[in-house]
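Here's the structure, in structure tokens; my notes come after.
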Amino acid sequence: MVEAAASDAGAPSAPAVTPDAGTPGATASPRPEEPAAASRTFSRLKGSPRPAWFLCDGTNRPRIAVVERDEGGSTATLTWVEKRKGAPSTQQTYALGEVSPGAGQRFYPLLQGGKEVGNLHAVNPGMLPEPDRALIPPFVSLQAGGVDLSCRWMLGVRVMGFDGTRSVLVTQEGSGFTYQSFDFAAAAKAKQTRIEGYGQTTPASRTVQGGTEERTSDGSTFTFRNEGYTYVLRAGGEASLEVLKDGRSVQRSDLLAWTYAPPPP
């Protein structure tokens with residue numbers, strides 16, 4: 001476990017970003033009857049944190065899409081982040097077509113020149129076995145720019161995000177918490193695994209259970225301890241990961257984008 005934890009202590013390097021390809025504002029929320037409506041997503045890829053719609057942390061390829069929607073819900077801007085140190089991000093903006101509901105599915109068409117060139121695919125939480133635990137936007141895949149990306153998603157997610165070297169996840173089941181991190185260095189060879197037919201993930205680089213939560217005015221602080229290491233993940237309007245060894249801080253990084261969900265009702 002000490003070797004695994006040491007990789008979390010590496011100095012993160014934020015990917016470069018391209019100039020703005022538009023000016024998306026605050027996003028519209030999911031429908032208010034859904035648990036995910038209470039979640040908040042932010043991106044700091046352009047500097048200060050700004051609202052985003054959702055994250056798609058790829059499980060079938062080493063790539064992340066940070067998806068923003070303009071205030072009127074007419075356009076979607078995708079910022080692609082490669083899970084490679086120093087790789088520049090790229091950005092694409094599409095018109096959003098009218099959502100197409102299916103049997104438990106929702107497809108948001110992505111349009112260019114009035115023609116559909118991709119889509120954002122979400123599941124209907126009401127069709128899930130525990131809909132009250134669908135705490136983050138239930139997007140499970142997207143197609144855009146010639147890329148078909150499966151999104152890391154599961155029930156009970158309280159925090160999902162990434163810094164320059166890893167993705168991080170905090171899940172809640174009952175009153176218990178689990179921390180997982182997914183090192184970018186292993187992402188290209190990581191095998192996608194399905195979760196009970198409605199979600200997917202990849203093997204975690206490290207997993208720590210039995211954490212605690214301290215609520216703050218703007219979010220939560222989650223603390224996990226294992227074999228002399230302590231992982232402190234703070235999330236809300238800001239988000240950061242700090243790793244301590246025997247009580248001394250050995251690494252701290254701001255998350256570059258994240259989704260935070262308050263406790264389930």
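Counting only other residues whose beta carbon sits under 11 Å from that of Glu173, what net charge do I get with K and R as +1, D and E as -1? It would help to have the intermediate numbers written out before the result.
Details: positive: Arg133, Arg158; negative: Glu130.
Local net charge: +1.
Taking the Cα centre of the chain as origin and charging only Cβ (+1 Lys, Arg; -1 Asp, Glu), how large is the dipole, in debye to the nearest 20? Walk me through the numbers on the way to the answer.
Numbers: 27 positive and 27 negative charges, 119 e Å.
Using Cβ point charges on Lys, Arg, Asp and Glu, the chain gives about 560 debye.
Suppose a student asked you for the relative contact order of the chain, using Cα pairs under 8 Å spaced at least 6 residues apart; what percent would you report? Walk me through the numbers on the way to the answer.
Working: 674 pairs, mean separation 50.3, N = 265.
Taking the mean separation of contacting Cα pairs over the length of the chain, I get 19 percent.
Along the charge dipole of region 80-121, pointing to its positive end and built from +1/-1 on Cβ of Lys, Arg, Asp and Glu, which listed residue (Gln112, Gly102, Ala87) has its Cα farthest out?
Farthest towards the positive pole: Ala87.
By average Cβ neighbour count within 10 Å, what is the ranking of 62-71, 77-86 from highest down? Before the final figure, lay out the partial values.
Working: 62-71: 21.7, 77-86: 19.9.
For the peptides 62-71, 77-86, the packing ranking is 62-71, 77-86.
In what sequence, highest mean first, do 213-223, 236-246, 118-128 appear when ranked by Cβ atoms within 10 angstrom? Could the numbers behind the result be given before it?
Working: 213-223: 15.1, 236-246: 17.7, 118-128: 19.4.
Listed from highest to lowest mean packing, they are 118-128, 236-246, 213-223.
Counting only protein heavy atoms, what percent of the accessible surface of the chain is carbon or sulfur at a 1.4 Å probe? Please report the intermediate quantities before stating the final value.
Details: 5720 of 11610 Å².
Within the chain, the accessible surface is 49 percent carbon and sulfur.
In square angstrom, what is the accessible area per residue of region 40-260 with a 1.4 angstrom probe?
Working: 9170 Å² over 221 residues.
Result: 42 Å² per residue.
The values are calculated or read from the model by the stated rules, or taken from the named source; none is laboratory data. Values in this document were obtained by computation on a predicted structure and should not be read as measured data. Here Cβ is always computed from backbone atoms with ideal geometry, including for glycine, and neighbour counts include all displayed protein chains. Note: areas computed on protein heavy atoms with side chains; ligands, DNA, RNA excluded. Shrake-Rupley method; radii C 1.70, N 1.55, O 1.52, S 1.80 Å.
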